[in-house]
Structure formats: structure tokens, C-alpha cells
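**Q** I'd like to ask you about the structure that follows.
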Amino acid sequence: RSRVAVLISGRGSNMAALIYAARADDCPYEVAVVASDKPDAPGLVLAEAEGVPIARLPSAKDKTQFFAGLQSALEAAGVDLVALAGFMRIIPDDFLARWEGRIVNIHPSLLPRHKGLKPHQACLDAGERITGATVHLVTAELDSGETLGQVQVAVLPGDTPDTLAERVLVAEHQLYPRILGQYLGRTRDFDWISNKVGELALTLPESR
Ligand code: GAR
């Protein structure tokens, strides 16, 4: 099974969804480690209670040290893929470059609509009838990497940002483990193909 690191900043309900989904025998990943930029994130208590290792990291006040510590922790845990789950920090370019194609995020809107903070407020302000959530690859540009999967959620009359967030969250919990599993299958096929291409190249007859 692929080894996934989950990065959180707060409650960690998406992290919990990823952990619980991984308990199914046919889940293609396991949550190898959870890390946070906030040492008092409630999600860490949950991860610990569920028996998932927690990375002890340097304070996020020093961004360089924090991400260097995170990189070491991910390497030590043999992580294949990083899943952001309510991780509210801009990630430095050098870290992103190291994890290119292997770092994903969930955002509570139908991207490319409503990137950044307060997507639910923005959705209501725009008078939209449908919103949702998106799982996407993380790139240097905020909330703009390739979309891997989306789920739609209806906006109800009288919805506030909080009531909408609560309903979208239910949909997020279904979406994230499913899309993560699919994407891991896709990258595994890709690795297999590129390995084959390498082998074929090695067995080509030498030119005379
Ligand atoms: C989730 O709704 C997630 O989509 C959102 O924060 C919440 C975290 O909740 N993420 C973003 O807005 C990222 N830009 P959780 O800690 O319970 O998973």
C-alpha cells in the first residue's frame, strides 16, 4: 500500500475520513504519518488516539526550519504522497518541487471558482445554486493545480457560510479518500509504464 502523509492545521475531519477509509482491506493507501504546523491542532489528538504516528516538527514560526523538518519527517516515514487536509499555510516552492505530482489538496468549492479563503461566503455572494469540493494537485499557484475529482453540493435557501460548510464537509469526507485512491492507482500505472519503457530501451538491439 502507498504511504500517505496527512498535513493539518486544525480540526482534521478530512484527515479522519482518510484514516477511516484506509481501514478497508481494499484501500490502496495507509496513513503513515500526520503532521501539523500547529502543535495544538485538535486533529493531532484524534490521529494519536487512532494509532497514527505524529511527526514532531520545529515551530512553524521559522518557515525554512519547519519545512526542512517536515521534509526529514516525510523521508523518515517513507512517504509516497502528501495529502493536505485543512493545512492553512503557503508551501515554499522548493518543497513543492520535491513533491511535484505527489502532493494533493482538498478545497471546499468547485474550482476554479472561489479559490483562497472564504469560498462559501463567495459562493453565496455570487448567488450560486450549486457548490461542492475539489481534490487537486498542489502547485505554486494557489488552488490551481490539476483537478483530480469534484463533488457537487446544492446550496439551500437560507444557507449561511457555516451551514453550507457543514454540508460540503460531508461531501468532502466521501470525495477525498476515493479520489486519493484513484490517483494512486493512476500514478502506479504510470510508474509501471515508465519502468517498462526503460526496460524496453535497455533491450533494444545496438545499432551497427
Ligand atoms: C475543509 O473544509 C477543507 O476543505 C478546507 O478546510 C476545512 C478543513 O476541515 N480547506 C481549505 O479551505 C483549504 N484552502 P478539517 O480540518 O475538518 O478537515
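The values are calculated or read from the model by the stated rules, or taken from the named source; none is laboratory data. Predicted, not measured: the structure shown is a model, and the values here were computed from it. No Cβ is skipped: glycine too gets one built from the backbone with ideal geometry, and neighbour counts run over all protein chains shown. These accessible areas exclude ligands, DNA and RNA; they are computed on the full protein's heavy atoms, side chains included. Shrake-Rupley method; radii C 1.70, N 1.55, O 1.52, S 1.80 Å.
**Q** Which condition does residue 95 not pass, out of (1) in contact with a Pro (Cβ under 6 Å, 6 or more places away or on another chain); (2) open to solvent by less than 70 Å² (accessible area, probe 1.4 Å); (3) away from the ligand (no atom under 16 Å from the Cβ), if it passes all the others?
**A** (1) is the only condition that residue 95 fails.
**Q** Within the stretch 17-36, restricting attention to residues that are under 14 Å from residue 81 (Cα atoms) and not hydrophobic (A, V, I, L, M, F, W, C), which residue is least open to solvent (accessible area, probe 1.4 Å)?
**A** 29
**Q** Given 164, 175, which one is modelled with pLDDT of 95 or more, touching a Cys at 6+ places or on another chain (Cβ under 9 Å) and surrounded by 14 or more Cβ atoms within 10 Å (Cβ to Cβ)?
**A** Within the list 164, 175, the selection yields 164.
**Q** Just to be sure I understand the filter: pairs with C-beta atoms under 7 Å, separated by 6 or more residues or on different chains, first member in the stretch 164-178 and touching a residue at least 60 places away in the same chain (Cβ under 8 Å) and among the acidic types (Asp, Glu), second member in a helix (DSSP H, G or I) and open to solvent by less than 30 Å² (accessible area, probe 1.4 Å). Which pairs pass?
**A** Short answer, once both residue conditions are applied: 172/14.
**Q** Before we move on, is residue 86 assigned to a helix (DSSP H, G or I), surrounded by 14 or more Cβ atoms within 10 Å (Cβ to Cβ) and within 16 Å of the ligand (Cβ to nearest atom)? Lay out the reasoning, then the answer.
**A** Working: assigned to a helix (DSSP H, G or I): no; surrounded by 14 or more Cβ atoms within 10 Å (Cβ to Cβ): yes; within 16 Å of the ligand (Cβ to nearest atom): yes.
Considered against the rule, which asks whether it is assigned to a helix (DSSP H, G or I), surrounded by 14 or more Cβ atoms within 10 Å (Cβ to Cβ) and within 16 Å of the ligand (Cβ to nearest atom), residue 86 comes out as no.
Let's see how each residue does on (1) more than 10 Å from the ligand (Cβ to nearest atom); (2) open to solvent by 30 Å² or more (accessible area, probe 1.4 Å); (3) assigned to a helix (DSSP H, G or I):
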| site | (1), (2), (3) |
| --- | --- |
| 11 | no, yes, no |
| 15 | no, no, yes |
| 38 | yes, yes, no |
| 112 | yes, yes, no |
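**Q** Related question: Here's a check for you: in the stretch 114-161, which residue that is among the charged types (D, E, K, R) and within 22 Å of residue 99 (Cα to Cα) is surrounded by the fewest Cβ atoms within 10 Å (Cβ to Cβ)?
**A** So, considering only residues that are among the charged types (D, E, K, R) and within 22 Å of residue 99 (Cα to Cα), the one surrounded by the fewest Cβ atoms within 10 Å (Cβ to Cβ) is 141.
**Q** Still on this structure: Going by what's in this entry, would residue 47 be described as open to solvent by less than 30 Å² (accessible area, probe 1.4 Å) and in a loop (DSSP other than H, G, I, E, B)?
**A** Here the answer is no, as residue 47 does not meet what is asked.
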